[in-house]
Amino acid sequence: MYSQDYYSKLREKYWAYEENDPKALVYVNQYIKKAKSEKNYSELFQAYKDAILYSENQKMIYADSALIAAKNSGNNDLIGDGYVSKGAIYYFNQRKFQYALEEYLKAYEYLKDSKNEYLKYQNIYHIGVVKSYLGYYDEALSIFNECIAFFEPKINGDIKKNIIFNNTKGYLNSLHQAIICYQMLGKSNQAEKLLKTAETKIPKTKDFYLETSYFTKSLGVSEFKKKNYEKAIYYFDKALPELLKVNDFTWASYIYFYKGKCYELLGNRNLEVENYRKVDSIFNENKFILPELRSNYEELIEYYRKDNNHREELYYTNQLLKVDSVIASDFKHLSSRVYKEYDTKMLLETKENLEKTNSYSKLLIFICLGIITTLGIVMYYRIRKQKNIQKNYNDLLIKLQESNNTEEAQPVVKTEAADSGDKNIKFDNSIVEKLLNDINTFENKQGYLEQGLTLKKLAEQFKTNTSYLSQVINEYKGSNFNTYINVLRINFATQKIYHDKEWRKYSIEHIASAAGFSNRQSFSNIFLEQNGIRPADFIKKRIKELEDQNQS
């Protein structure tokens, strides 16, 4: 009884300190020393958890110590809590989602049968955050709504009490994440409804200034979507100081990006670029970025391209490649682990529970079997789709090889002899020959890569009229003007992707732009129509082909 009273009084001495305030560690270290001397591992675990809260630069060291103490205690709840604490540091302080997910999944194994509902929902919340980051907003929203339902009934009472305090934090964080999901899903009404709820529920004390900033940031996003750009900037500027104070660089970069978008739409190019560059500074320092912010670099590349600043354009092009690499690495690892280690286990555990119940539950087993069958069918069609992609890739390689056997790659639609004897041409051969020469020069100089090229513009370049040019293209190229240009552009992009390893690093948007297309979707559709395979699949197959060749 004396020891327990000693621990309680020590905690009272430092509990009022703010997070990351090292002055609290004077008392925390006394707590650690006392618990060690008594080999009281449950109290030692709590002491190290408190040290995590108040330490500035040694959070992970204290988290490892807390986990050792938890394992020495033999208490599964404490061990699970220890893994959640490590995951939270990876997630919040370092934004290393891959490492964070590993810790959450370890915690799940210890907490799935726990009677401590708070710990279970704390861990489930963090897995929901990973799903949200991956873009599985519907699935994440389901988790956050479940967490809201759990935490909300437990937030009423004296906020100074530890249980009420922790549940309020859990409730507000779940509310914030649900708002993010609604905003990403385009459900603005539901998001604004939760923002109003948050305004009435959040305590007006300094312990909740950070949560207040998160909701203020979300208000800014809401105003942005309503095109109230100046009001959005007001909310962003109001939210930013607290986020910078705790070094929450993720949401700070998010705010800078949306401020940049606001200034872009308000026509202030200088402030637009200034905020976009701040996003890049944060990425350089932390090697993390939300997928939603990827277009930050496309905006900077376009800005410096128009400004003829090739040095900056090249820099941000390289930065975009790094961003794509980070996002792709996270997505490949996280999506696989969250499916195999969480979703599948949840499904199997549900199945095991159903098998122990009555005939009503058996109906649910059939539903599960139906889901599994559906997944099997989906996998079958996916495999068949992959086979078709491989076949179309092989066919395209044959076309490329035939083209490469000639001295120079020729367009698919070949120019016929300039003999209009059997052609439906109503004007002089001299005009035809002149236009065919102009077309040949145009193709050799890759004039078709110009964006926004029209029949009228090309006719003006050739110093002719659109009627003559259209007839020559139709008769000698065997297609209308738009088809002719698209064939040349797709051939160019196909050759570049196949031969140039740098092109295989570019995004589809970048390739489309370089090939003269104004948007990704039309490029992808025309590439598929002409080559029988989408550009993204062609890039993947080419990379795999080269890797296999290097290994053999």
**Asked** Can you find a residue in the range 108-123 that is aromatic (F, W, Y), buried (at least 23 other Cβ atoms within 10 Å of the Cβ) and modelled with pLDDT of 85 or more?
**Response** no
**Item:** Qualifying helices (runs of 4 or more DSSP H) (wholly inside the range 391-507; at least 1 residues being at pLDDT 85 or above and over 24 Å from R520 (Cβ atoms))
**Value:** 429-444, 455-462, 466-477
**Message:** When you scan the range 244-253, do you find a residue that is among the basic types (K, R), modelled with pLDDT under 95 and within 25 Å of N57 (Cβ to Cβ), even just one?
**Reply:** yes
**Request:** Working only within the range 21-75, note down all residues that are farther than 21 Å from Y110 by Cβ, aromatic (F, W, Y) and more than 35 Å from the chain's Cα centre (by Cα).
**Result:** Y27, Y31
**Fill in**
Given the conditions (1) surrounded by fewer than 20 Cβ atoms within 10 Å (Cβ to Cβ); (2) without any contact (Cβ under 8 Å) to a residue 24 or more places away in the chain; (3) in contact with a Lys or Arg (Cβ under 9 Å, 6 or more places away or on another chain), every one holds for I61 apart from (3)
**Message:** Every residue in the range 508-534 that is closer than 16 Å to E450 by Cβ, in contact (Cβ under 8 Å) with a residue 60 or more places away in the chain and assigned to a helix (DSSP H, G or I), please.
**Reply:** S513, A514
**Request:** Sort through I543, I539, I511 and tell me the only one that's crowded, with 21+ Cβ neighbours inside 10 Å and in the same structural domain as I485 (by TED's automatic domain parsing).
**Result:** I511
**Request:** Select from the range 199-233 the residues that are over 26 Å from the mean Cα position of the chain (by Cα) and free of Cβ contacts under 8 Å to residues at least 60 places away in the same chain and list them in ascending order.
**Result:** E199, T200, K201, I202, P203, K204, T205, D207, F208, Y209, E230, K231
**Request:** Consider S85 carefully, then state whether it is under 28 Å from Q177 (Cα atoms), in contact with a Pro (Cβ under 9 Å, 6 or more places away or on another chain) and at pLDDT 85 or above.
**Result:** no
**Item:** Any helices (runs of 4 or more DSSP H) falling wholly within the range 136-232 and containing at least 2 residues that are aliphatic (A, V, I, L, M) and not assigned by TED's automatic domain parsing to the domain that holds G267
**Value:** 137-151, 162-184, 188-201
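Results for (1) of a type in the set (G, A, S); (2) farther than 12 Å from H176 by Cβ, shown as yes or no for each residue.
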{"position": "K196", "(1), (2)": "no, yes"}
{"position": "T200", "(1), (2)": "no, yes"}
{"position": "E211", "(1), (2)": "no, no"}
{"position": "S218", "(1), (2)": "yes, no"}
{"position": "Y229", "(1), (2)": "no, yes"}
{"position": "Y234", "(1), (2)": "no, yes"}
{"position": "D237", "(1), (2)": "no, yes"}
{"position": "S253", "(1), (2)": "yes, yes"}
{"position": "Y258", "(1), (2)": "no, yes"}
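Quick check on K226: is it over 29 Å from Y263 (Cβ atoms) and exposed (fewer than 15 other Cβ atoms within 10 Å of the Cβ)? Spell out the reasoning first.
On the way: over 29 Å from Y263 (Cβ atoms): no; exposed (fewer than 15 other Cβ atoms within 10 Å of the Cβ): yes.
No: the conditions fail for K226.
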**Asked** Can we say E475 is within 27 Å of the chain's Cα centre (by Cα) and not aromatic (F, W, Y)?
**Response** no
**Fill in**
Contact list, first residue from the range 137-158 and modelled with pLDDT under 90, second anywhere and among the β-branched types (V, I, T), beta-carbon distance below 8 Å, six or more apart or interchain, is A140/V129; K154/I163; K154/I164; I155/I164; I155/T168; N156/I164; G157/I164; D158/I164
**Request:** Could you identify the single residue in F523, F481 that is aromatic (F, W, Y), farther than 19 Å from K399 by Cβ and either within 29 Å of the chain's Cα centre (by Cα) or not assigned by TED's automatic domain parsing to the domain that holds Y297 (or both)?
**Result:** F481
**Sole exception among (1) at pLDDT 90 or above; (2) crowded, with 19+ Cβ neighbours inside 10 Å; (3) closer than 25 Å to D207 by Cβ for A24, by number** = (1)
**Request:** Scan the range 30-42 residue by residue and report those that are surrounded by fewer than 13 Cβ atoms within 10 Å (Cβ to Cβ) and not in a loop (DSSP other than H, G, I, E, B).
**Result:** K33, S37
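Out of the range 265-282, which residues are closer than 21 Å to E223 by Cβ and free of Cβ contacts under 8 Å to residues at least 24 places away in the same chain?
Result: G267, N268, L271, E274, N275.
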**Prompt:** Among the residues of the range 527-550, which ones are among the hydrophobic types (A, V, I, L, M, F, W, C) and in contact with a Ser or Thr (Cβ under 9 Å, 6 or more places away or on another chain)?
**Reply:** F527, A536, F538
**Prompt:** Of these, Y137, Y171, which one is touching an Asp or Glu at 6+ places or on another chain (Cβ under 7 Å), surrounded by 16 or more Cβ atoms within 10 Å (Cβ to Cβ) and hydroxyl-bearing (S, T, Y)?
**Reply:** Y171
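The values are calculated or read from the model by the stated rules, or taken from the named source; none is laboratory data. For clarity, every value in this text was computed on a predicted model and none was experimentally measured. Cβ atoms come from the backbone with ideal geometry, glycine included; neighbour counts cover every protein chain shown.
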